[in-house]
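Have a look at the structure below, then the notes.
The values are calculated or read from the model by the stated rules, or taken from the named source; none is laboratory data. None of the values given here were measured: they were computed from a predicted structure. All Cβ positions, even for glycine, are placed from backbone atoms using ideal geometry, and neighbour counts span all protein chains on display.
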Amino acid sequence: MIPQIILDTNVLLTALKSSRGSSYRLLTLVDSGRFQLNISTPLVAEYEEVLRREMPNINGTDIIDYLCVVANRHKIFYLWRPVLKDPDDDFILELAVKCSATIITWNIRDFKKAAIFGVSVLTPREFLQQIGELP
């Protein structure tokens, strides 16, 4: 079964800032068939807002449009908020529960309570190791 994942915004931002790390490697594999990316309207809106704010000199629209084409799109009907330490991350947890996905983030601590819902949380490096892309 193909792994289902959700990219936290910090992973996307890190991938776009540097082509050297595991975030970038993960982004290059988005349409490889090694895993399936999942998104929701709130997640796409956050991607757009953060890219506009943090990287105003790039055209984030093209990148986000590409992710929207290759990803599974989901409507979220759960509203268990607040669950996580940062309430702004709850919509990511809701998406992960909906599509049985692993959350890929650099902020592992922010998603500690995801385990209550059976949701795995990994760094990009850990996930790439899990799928055999890194030693």
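Key figures
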quantity	calculated
Set S32, S120, S40: member being without any contact (Cβ under 8 Å) to a residue 60 or more places away in the chain and in contact with a His (Cβ under 6 Å, 6 or more places away or on another chain)	S40
Members of the stretch 51-99 found to be under 24 Å from K113 (Cβ atoms), among the hydrophobic types (A, V, I, L, M, F, W, C) and in contact with a strand residue (DSSP E or B) (Cβ under 9 Å, 6 or more places away or on another chain), listed by number	I76, F91, I92, L93, L95, A96, C99
Number of positions in the stretch 8-29 that are within 14 Å of the chain's Cα centre (by Cα) and either among the charged types (D, E, K, R) or crowded, with 18+ Cβ neighbours inside 10 Å (or both)	12
When residues of the stretch 42-62 are limited to those that are modelled with pLDDT of 95 or more and among the β-branched types (V, I, T), the one farthest from T9 (Cα to Cα)	V44
Inter-residue pairs, beta-carbon under 6 Å, first within 11 Å of I39 (Cβ to Cβ) and in the stretch 71-94, second outside any helix (DSSP H, G or I) and among the hydroxyl-bearing types (S, T, Y), 6+ apart	H74/S40; I76/S40
Scope the stretch 50-74; condition small (G, A, S) and in a helix (DSSP H, G or I); matching residues	G60
